[in-house]
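Have a look at the structure below before the remarks.
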Amino acid sequence: MNRKNNRPWFPAKKYGFGWGFPITWQGWMVFIIFFFLCFIGIRFLTHPPHRIPIFILYLSAITGGLIYICWKKGEKQKY
């Protein structure tokens, strides 16, 4: 397998826990899609106001998906 395919999409933060901004085009696509899905949720799941709990569940789900992708495709954390 080519070493380039093993390159992480997200770098580990130098201080603290988590990942930084994407460093590959695949990471940027994930980032852009995440914000697009956030915008769609804001647009369609917050009006009327009684839909706010559905929006919170939706936002939690897509944020969980982003964290999972960062965990799988990001640089390993340095504790």
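The values are calculated or read from the model by the stated rules, or taken from the named source; none is laboratory data. Everything numeric in this text was worked out from a predicted model, so none of it was measured. No Cβ is skipped: glycine too gets one built from the backbone with ideal geometry, and neighbour counts run over all protein chains shown. Side chains included, ligands, DNA and RNA excluded: accessible areas come from the protein's heavy atoms. Shrake-Rupley method; radii C 1.70, N 1.55, O 1.52, S 1.80 Å.
Given their separation in residues at 0.36 nm each and the Cα-Cα distance between them, I23 and T63 gain 12.5 nm when the chain is fully extended. Legend: residues F35, F21, F10, sorted from most to least accessible area (1.4 Å probe; ligands, DNA and RNA excluded), read F21, F35, F10. Which of the trypsin sites (Lys or Arg not before Pro) across the chain are loop residues per DSSP, with 15 or fewer other Cβ within 10 Å? Qualifying residues, ordered by number: K13, K14, K76, K78.
Amide H contacts of W19: K13, each under 5 Å away and 5 or more positions distant or on a separate chain (H built 1.01 Å from N in the peptide plane; Pro and chain starts excluded).
Each helix, a run of at least 4 DSSP H residues, gives -39500 (n - 2.57); summed and divided by the residues of the chain, these come to -19000 deg cm²/dmol at 222 nm.
Measuring with a 1.4 angstrom probe and ignoring ligands and nucleic acids, I33 comes out at about 90 Å² accessible. Normalised by the number of residues in the chain, the average gap of Cα pairs under 8 Å and 6 or more apart makes the relative contact order 40 percent.
To the nearest 10 degrees, how steep is helix 52-73 against the longest Cα principal axis of the chain, on a 0 to 90 scale? Rounded to the nearest ten degrees, it is 10. Ranked from largest, the principal axis spans of the Cα set of the chain equal 49, 26, 17 Å.
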